[in-house]
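Got a structure for you, questions after.
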Amino acid sequence: MGFFDFMTEDIAIDLGTANTLIIHNDKVVIDSPSIVARDRISGKIIAVGKEANLMQGKTHENIKTIRPLKDGVIADFDASEKMISMFIKSIPALKKRMFTPALRMVVCIPSGITEVEMRAVKESCERVNGKEVYLIHEPMAAAIGIGIDIMQPKGNMIVDIGGGTTEIAVIALGGIVCDKSVKIAGDVFTNDIVYYMRTQHNLFVGESTAEKIKIQIGAAIEDLETPPEDMSVQGRDLLTGKPKQVEVSYREIAKALDKSIQRIEDAVMETLSQTPPELAADIYNTGIYLAGGGSMLRGLDKRISQKTDLPVYIAEDPLRAVVRGTGMALKNISKFKSILIK
């Protein structure tokens, strides 16, 4: 076994709808957008990650940008496999190796995922030389990454707002007691902004621009203590067809996102209402933890706190909470055996 151990590398992957993160040797070595650019004629992948992201919305007919994951699950099997494989090949420490080493991987998956979708993730990993592939549910990984001791007989509530799905789970004794996975998350927020700009400002903006708006001035409530500056947004005027620029304030974005955030709030409320009373008592004391990129929306913690009357905490470095937890599970496979899906 010793020789085989030497040949095996351990990696933890957070295969996200928006971003893919990979940990190798306790370091985040890949943190890239989950997007690939494919040449239509030859079918070859010409760019992946950040490079491909810059092409989004700017391609001619021979290049197509693909986001292989939709709603947290693999939508384009071929593209996802190539993307994972290219990310793994670009890990600096593995580049030096003469041949691809066997990999032991832990990959996280949304909690509302079907058997078939689970198998797609597993097969994708096995085809890039994954010899031992373990899966872990996202809210679990987020909880471990936040630093919660999930094996305790104590209830903790996690809300992980990613790109494709929002995962809400109550965790105790190393298991998920009740959970809800809703397909309202970062991507929907981005589309809300596109729609708002079109209907309120007669301005047609692309997805990348809408994403920039979301990050720069996105908000969940209309009265922030430290509001961001107004932002100049450029796009195409729907009436004249000319490029134009408008000023947008965070209040408008809060309006644009209101409906979607309400649906996330409802899902949180529903999960709370399904929580067994003993765990509800725990959550009253521990509060709610937010993770994922969506938790960085200004004022979202305050808004959920007002809705639930519970304290709400944002994980430190929320974008990496899930992959950190996945990495910790990988280091202690024996300790977390019960929560890893083989």
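Just to confirm my numbers, what's the Cα centroid distance between the range 317-342 and the range 272-310 in Å?
If you average the Cα positions of each part, the centres end up 22 Å apart.
Which whole-Hz couplings ³J(HN,Hα) result when phi for each residue of the range 222-227 is put into the Karplus expression 6.51 cos²θ - 1.76 cosθ + 1.60, θ = phi - 60°, listed in order with x for Gly and Pro?
Computed from phi, the couplings for the range 222-227 are 8, 10, 8, 5, 10, x Hz.
Report, as a whole number in µm² per second, the diffusion coefficient that Stokes-Einstein gives for the range 38-145 at 25 °C and 0.890 mPa s using the Kirkwood radius over alpha carbon pairs.
Calculated translational D: 160 µm²/s.
Whole angstrom only: what separates the Cα centroid of the range 87-122 from the Cα centroid of the range 178-194?
Going from one Cα centre to the other spans 25 Å.
Let me ask something else. Taking all pairs of distinct Cα atoms, average 1/r, flip it, and tell me the Kirkwood hydrodynamic radius of the chain in Å to one decimal place.
21.0 Å
For the peptides 86-97, 17-28, what is the packing order when you average, over each peptide's residues, the other Cβ atoms within 10 Å and list the highest mean first?
17-28, 86-97
Using a 1.4 Å probe on the protein heavy atoms, what percent of the accessible area of the range 201-342 belongs to carbon and sulfur?
49 percent
Separate question: Run the quick spin-label model on Ser338 and Lys242: label points 7 Å from Cα toward the beta carbon, then report their separation in nm to one decimal.
For the pair Ser338/Lys242, the computed spacing is 6.8 nm.
What is the spin-label model distance, in nm, from Asn129 to Lys58 if the labels are put 7 Å beyond Cα along the C-beta direction?
Modelled inter-label distance: 3.3 nm.
Of Gly206, Leu224, Gly186, whose Cα points farthest to the positive end of the dipole of the range 186-256 (charges on the beta-carbon: +1 Lys, Arg; -1 Asp, Glu; origin at the Cα centre)?
Farthest towards the positive pole: Gly206.
Taking a ≥ b ≥ c as the square roots of the Cα gyration tensor eigenvalues, with a/c under 1.5 meaning rounded and otherwise prolate when a/b beats b/c, else oblate, which class fits the range 186-256?
Here the range 186-256 falls in the prolate category.
Mind checking the full-extension length gain between Gln152 and Asp258? Use 0.36 nm per residue of separation minus the Cα-Cα distance, one decimal, nm.
Extra length from Gln152 to Asp258 when fully extended: 34.6 nm.
Could you tell me what percent of the DSSP beta bridges with both partners in the chain are antiparallel, to the nearest 5?
Antiparallel: roughly 65 percent of the beta bridges in the chain.
7 Å from Cα along Cα→Cβ at both Ile41 and Ala93: what's the point-to-point distance in nm?
4.2 nm
Got the relative contact order for the range 120-258 handy, in percent, Cα pairs under 8 Å and 6 or more residues apart?
15 percent
Based solely on its DSSP helices, what 222 nm [θ] is calculated for the chain when runs of n ≥ 4 H residues each add -39,500 (n - 2.57) and the sum is averaged over all residues, nearest 500 deg cm²/dmol?
-12000 deg cm²/dmol
Still on this structure, I have one more. Quick check on packing: order 208-214, 307-313 by the mean number of other C-beta atoms within 10 Å, highest mean leading.
Descending packing order for the listed peptides: 208-214, 307-313.
Okay, next question. Sorted by average packing, counted as other Cβ atoms within 10 angstrom per residue and highest first, what order do 61-73, 318-330 take?
Going from most to least packed, we get 318-330, 61-73.
For Lys244, give me every one of the lysines with a C-alpha distance below 23 angstrom, ignoring sequence neighbours fewer than eight places off in its own chain.
Lys58, Lys212, Lys214, Lys255
Treat the range 149-284 as a sphere of radius equal to its Kirkwood radius over Cα pairs and apply Stokes-Einstein at 20 °C in a medium of 1.002 mPa s; give the translational diffusion coefficient in µm²/s, rounded to a whole number.
Stokes-Einstein gives a translational diffusion coefficient of 128 µm²/s.
Can I ask one more? Divide, for the range 231-342, the radius of gyration over alpha carbons by 2.2 N^0.38 Å, where N is the residue count.
1.50
The values are calculated or read from the model by the stated rules, or taken from the named source; none is laboratory data. Just so we're clear, the structure is a prediction, and the values are computed from it rather than from any experiment. Using ideal geometry, Cβ is built from the backbone for each residue, glycine included, and neighbour counts are taken over all protein chains shown. Calculation scope for accessible area: heavy atoms of the full protein, side chains included, ligands and nucleic acids excluded. Shrake-Rupley method; radii C 1.70, N 1.55, O 1.52, S 1.80 Å.
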